[in-house]
1. Residues of region 79-90 being open to solvent by less than 90 Å² (accessible area, probe 1.4 Å) and not in a helix (DSSP H, G or I), which ones?
2. Determine whether VAL54 is under 24 Å from ASN108 (Cβ atoms), open to solvent by less than 70 Å² (accessible area, probe 1.4 Å) and in a helix (DSSP H, G or I).
3. Any idea which of (1) out of contact with any Gly (no Cβ under 6 Å at 6 or more places or on another chain); (2) modelled with pLDDT of 85 or more is the one TRP107 doesn't satisfy?
4. Do we find a residue being of a type outside the set (A, V, I, L, M), at pLDDT below 90 and on the phi < 0 side of the Ramachandran plot anywhere in region 70-81?
5. Just checking, does region 57-64 include any residue being open to solvent by less than 30 Å² (accessible area, probe 1.4 Å), touching a strand residue (DSSP E or B) at 6+ places or on another chain (Cβ under 8 Å) and in a strand (DSSP E or B)?
6. Sort through PHE111, PHE76 and tell me the only one that's touching an Asp or Glu at 6+ places or on another chain (Cβ under 8 Å) and either over 30 Å from ARG6 (Cα atoms) or touching a residue at least 40 places away in the same chain (Cβ under 8 Å) (or both).
7. In region 1-49, which residue that is among the acidic types (Asp, Glu) and assigned to a loop (DSSP other than H, G, I, E, B) is surrounded by the most Cβ atoms within 10 Å (Cβ to Cβ)?
8. Quickly run through region 91-135 and pick out the residues that are in a loop (DSSP other than H, G, I, E, B) and surrounded by fewer than 13 Cβ atoms within 10 Å (Cβ to Cβ).
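The values are calculated or read from the model by the stated rules, or taken from the named source; none is laboratory data. As the structure is a computational prediction, the values presented were derived from the model and not from experiment. As a convention, Cβ positions derive from the backbone with ideal geometry for all residues, glycine included, and neighbour counts pool all protein chains shown. Heavy atoms of the whole protein, side chains included, go into the accessibility calculation; ligands, DNA and RNA do not. Shrake-Rupley method; radii C 1.70, N 1.55, O 1.52, S 1.80 Å.
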Amino acid sequence: LAKYIRTLGYNARAHHAKNYEAIMPVCIMAAGLGELSRTGDSAIHPRLGFRHKVAAVTTDLPLAPDQPLDFGLLDFCRVCKKCADNCPNEAISFDEDPIEYNGYLRWNSDFRKRTEFRTTNEEGSSCGTCMKVCPWNSKE
């Protein structure tokens, strides 16, 4: 897609896999494809939950913008807290309300705890417990 846009004479860059130069949760929210979750760094899609891989193309091609999506995740996460309850390193916030950070409402997870867990976890470089217990991943 990025290559095609460049053939039209516009700048375009693909962001994918291990080649991101954009912050994907912000792109997901701006594109109207999800909302930020209690974990503080993951956007959840209303039908796919956490379980999706994201790629994006940034470009100066004039496009009609989408609107951010609101499917009620903020209110759901306020009550649910399953990810925080099950976080093995207690890194996910139990705070009732998110705070504004860089123009977005988000819960602040303890990223130091998360990084320490990921680098010392003998079972791999990730955890994924928050994704496993999130009800948005298990709904039909």
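1. To start, the set of residues in region 79-90 that are open to solvent by less than 90 Å² (accessible area, probe 1.4 Å) comprises 80-81, 83-84, 86-89.
Within region 79-90, LYS81, CYS87, PRO88, ASN89 meet the criteria.
2. On the way: under 24 Å from ASN108 (Cβ atoms): yes; open to solvent by less than 70 Å² (accessible area, probe 1.4 Å): yes; in a helix (DSSP H, G or I): no.
In short, no.
3. (1)
4. Taking region 70-81 as the starting set, the residues that turn out to be of a type outside the set (A, V, I, L, M) are 70-72, 75-78, 80-81.
Those still in the list that are at pLDDT below 90 too: none.
Scanning region 70-81 turns up no residue that is of a type outside the set (A, V, I, L, M), at pLDDT below 90 and on the phi < 0 side of the Ramachandran plot.
5. Initially, region 57-64 is screened for residues open to solvent by less than 30 Å² (accessible area, probe 1.4 Å), giving none.
No, region 57-64 contains no residue that is open to solvent by less than 30 Å² (accessible area, probe 1.4 Å), touching a strand residue (DSSP E or B) at 6+ places or on another chain (Cβ under 8 Å) and in a strand (DSSP E or B).
6. Working: PHE76 fails: touching an Asp or Glu at 6+ places or on another chain (Cβ under 8 Å).
Answer to the selection: PHE111.
7. Taking region 1-49 as the starting set, the residues that turn out to be among the acidic types (Asp, Glu) are 21, 35, 41.
Next, only the ones that are assigned to a loop (DSSP other than H, G, I, E, B) stay: 21, 41.
On the way: GLU21: 9, ASP41: 15.
Selected residue: ASP41.
8. Our first condition is that a residue be in a loop (DSSP other than H, G, I, E, B); within region 91-135, this holds for 91-98, 102-103, 107-110, 121-128, 134.
Scanning region 91-135 gives PHE94, GLU96, ASP97, ASN102, GLY103, GLU122, GLU123, GLY124, SER125, SER126, GLY128.
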